[in-house]
């Protein structure tokens, strides 16, 4: 398999980060231009929109991506039948929200929220259709196209939203910006779709069952990912500063967002390769796992070593955010989040080979275990208890998913590679204990990254083939070699 996967992964990761950045810029912009009470209303409405997009649109996108990559000869049948599912999902979401709008307006005691929710109803079909086409592009492994769509849609959204704010349309104009960017994203995405083959068939029920399972998983996983924040607010003593814990989680979750591109490219790649040879899946995942650990393990050791000063650097004007609770929580959280990233890597391969049922079951057990552990730990140790609970459950979930993955394929990661990565990470972690403060900390972390690469080079963990692959990706040159 060529390095189209790695080039696409890097492009999608950068585009996804840019898209998240656009969201944050819009949030900050609205806070500047819109009165406080309107800002709160917009945040509430945006939560409904993002929930609908991530859950009900995401499940179908995963399903289309998987089946189209697995069986391109049935492309026309997959697109026809998934299109019908997409229309049904959009109509159900629109109908349910339309019925609920008056009740939600009264529940939130806001006529403005009611008006804004009607715009969300109009946005749903375009976001749903765009997600469906994104699934088609994933199945056709058009990863660069997906990255261009994310980037372009983010730019259009940013321009339209700030134009509306500058003109003075406030929250209503902002949501119209979201609507028009959704329309643009849908039609722009259509230009990247490759010709479809119509040589085989696939049953409607097969696509529907997988879509339902994937949707349930996309509901369940965010519950585990976010429940520590809710548990801290509900179980911790009122004297505890939950805002400081949120500050720690914001920093700890950054690696997860960095790996979103990997998850988007890994599923269709695995589904495509498994039809040829499971050995190719093993080689691909072995490389992905190796590069992921090379990136994640030193990040853990450096953040653990510099936790207090990192938080101080990010929140210089919020001294209340840098507390013993937040510093210690960050150390446990970064371990838990990185374990969760590797869990998602393994689970994505399992979902690409089988179905989401097993992964969904493991995640449900993780949620129950996390809740039980938090009920014991949070009242005693405050936010630190929530971080410890998340870390333990993430590590246990990862172990379980590794055992589940071994039933379907062999994980190719030499013990020597794991040893080299651990030793290199330990070296930079120890050096990071002696660090400056302020902006010089960033300089040292960059220098430590260079030291880490040198250590791995000395151990021959990073070799010329890795450097050559990276340089060709940067130059966008074609790479012919197989993963080995």
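Coordinate-derived values only; no laboratory data. Please read all numbers here as calculations on a predicted model, not as lab measurements. Cβ atoms come from the backbone with ideal geometry, glycine included; neighbour counts cover every protein chain shown.
Details
- The radius of gyration of the Cα set in the range 292-397, together with its Dmax, comes out at 15.8, 49 angstrom.
- Multiplying each eigenvalue of the alpha-carbon gyration tensor of the range 220-476 by 5 and taking the square root yields semi-axes of 31, 26, 14 Å, largest first, rounded to whole angstroms.
- Computed across the chain, the Kirkwood hydrodynamic radius from all distinct Cα-Cα pairs reaches 23.9 Å.
- Stokes-Einstein D in µm²/s, Kirkwood radius over Cα pairs - the range 218-368 at 10 °C with 1.306 mPa s viscosity: 93 µm²/s
- One quarter of the convex hull surface built on the alpha carbon atoms of the range 1-202 amounts to 11.3 nm², the projected area averaged over directions.
- Judged by the mean number of other Cβ atoms found within 10 Å, the most tightly packed of the peptides 56-66, 96-106, 396-406 leads the ranking 56-66, 396-406, 96-106.
- Debye log10 I(q)/I(0) at q = 0.25 Å⁻¹ for the range 370-447, Cα point scatterers: -0.99
- Efficiency of FRET between residue 364 and residue 209 - r from beta-carbon atoms, R0 22 angstrom, step 0.05: 0.75
- The modelled label-to-label distance for the pair residue 454/residue 226, using points 7 Å beyond Cα in the direction of Cβ, is 4.4 nm.
- Whole-angstrom Cα spans of the range 325-484 along principal axes, big to small: 50, 48, 29
- In terms of its C-alpha gyration tensor, the range 43-101 has an oblate overall shape, because the principal axis ratio a/c (a ≥ b ≥ c, square roots of the eigenvalues) is not below 1.5 and a/b does not outweigh b/c.
- Residue 172-residue 84 pseudo-label distance in nm [points 7 Å out on the Cα-to-Cβ vector]: 4.1 nm
- Sequence-distant contacts, meaning Cα pairs under 8 Å at least 6 residues apart, place the relative contact order of the range 220-476 at 29 percent.
- Relative contact order [Cα under 8 Å, 6+ residues apart], the chain, whole percent: 21 percent
- Rounded to the nearest 500, the 222 nm mean residue ellipticity of the chain from helices alone is -28500 deg cm²/dmol, with -39,500 (n - 2.57) taken per DSSP H run of at least 4 residues.
- For the range 1-103, the mean projected area of the C-alpha convex hull, equal to one quarter of the hull surface, is 9.0 nm².
- Whether the range 137-233 is rounded, prolate or oblate, judged on the alpha carbon gyration tensor where a/c under 1.5 counts as rounded: oblate
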